[in-house]
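The structure under discussion appears below in the form of structure tokens.
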Amino acid sequence: MDRLEIDKLLKKTAQGDNVAFEELYKRTNKGVFAFLYTYLHNYADAEDAMQTTYLKIKRSISAYRVGTNGRAWILQIAKNHALNEIAKNKRLVPLDAVGEIACETPFEETGVMRTLERVLNEEEQRIVCLHVLWGYKHREIAEIVNSPTGTVTSKYKRAVEKLKRALKEEEK
């Protein structure tokens, strides 16, 4: 989904158009989920965070300035929420002997996110997610992750090579 479409949907949402908000959700939720997953590393937590992100978008839509980068605005809300959740969870005491229950979801059945998580570090996961799922250019990603464009480009290329190798090994 391109910037103009997102901007248009955000503008309509700010005007109270719930159909536009539903369309925004339908067109962006997979990318938001994948982006949150790179922070939270848990399907259920990423799902909860995604829902909360959209509630925050709805509540703070009046703060969005039409004509700015709507994708970046949405992802900033998601990132801030994920970082708050991580900080909150660090204060929680983990339960003994309770393993994480595997989610039986179509998203995880593909194994793509598990492979991403296993093979790539968090920064590489974000770069791949932002480029592949959100369609950001490397210079835009560089601004988001606060890194030089050349570094983002090389990390992306290395990450893709790692994924290719891992997927070939899994096929064997």
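The values are calculated or read from the model by the stated rules, or taken from the named source; none is laboratory data. Since the model is a prediction, treat every value here as computed from it, not as a measurement. Note: ideal-geometry Cβ built from the backbone for every residue, glycine included; neighbour counts use all protein chains shown.
Going by the conditions given, is Phe21 in contact with a Ser or Thr (Cβ under 7 Å, 6 or more places away or on another chain) and either crowded, with 19+ Cβ neighbours inside 10 Å or in a helix (DSSP H, G or I) (or both)?
Values: in contact with a Ser or Thr (Cβ under 7 Å, 6 or more places away or on another chain): yes; either crowded, with 19+ Cβ neighbours inside 10 Å or in a helix (DSSP H, G or I) (or both): yes.
Against the criterion (in contact with a Ser or Thr (Cβ under 7 Å, 6 or more places away or on another chain) and either crowded, with 19+ Cβ neighbours inside 10 Å or in a helix (DSSP H, G or I) (or both)), Phe21 qualifies.
Among the residues of segment 73-80, are any crowded, with 18+ Cβ neighbours inside 10 Å, more than 17 Å from Leu130 (Cα to Cα) and not basic (Lys, Arg)?
no
Among the listed residues Lys11, Lys30, Lys58, identify the single one that is surrounded by fewer than 18 Cβ atoms within 10 Å (Cβ to Cβ), closer than 16 Å to Trp134 by Cα and in contact (Cβ under 8 Å) with a residue 40 or more places away in the chain.
Within the list Lys11, Lys30, Lys58, the selection yields Lys30.
If only one of Leu36, Leu10 is of a type in the set (A, V, I, L, M, F, W, C) and at pLDDT below 95, which one is it?
Answer to the check: Leu36.
Rundown of residues vs (1) farther than 25 Å from Lys155 by Cβ; (2) in the same structural domain as Gly16 (by TED's automatic domain parsing); (3) modelled with pLDDT under 90, yes/no style:
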{"position": "Gln51", "(1), (2), (3)": "yes, yes, no"}
{"position": "Lys56", "(1), (2), (3)": "yes, yes, no"}
{"position": "Leu75", "(1), (2), (3)": "no, yes, no"}
{"position": "Pro94", "(1), (2), (3)": "yes, yes, yes"}
{"position": "Glu124", "(1), (2), (3)": "no, no, no"}
{"position": "Cys129", "(1), (2), (3)": "no, no, yes"}
{"position": "Lys137", "(1), (2), (3)": "no, no, yes"}
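Look through segment 58-73, keep the residues that are hydrophobic (A, V, I, L, M, F, W, C) and in contact with a Phe, Trp or Tyr (Cβ under 9 Å, 6 or more places away or on another chain), and return whichever of them is modelled with the lowest pLDDT.
Across segment 58-73, the extreme among qualifying residues is Ala72.
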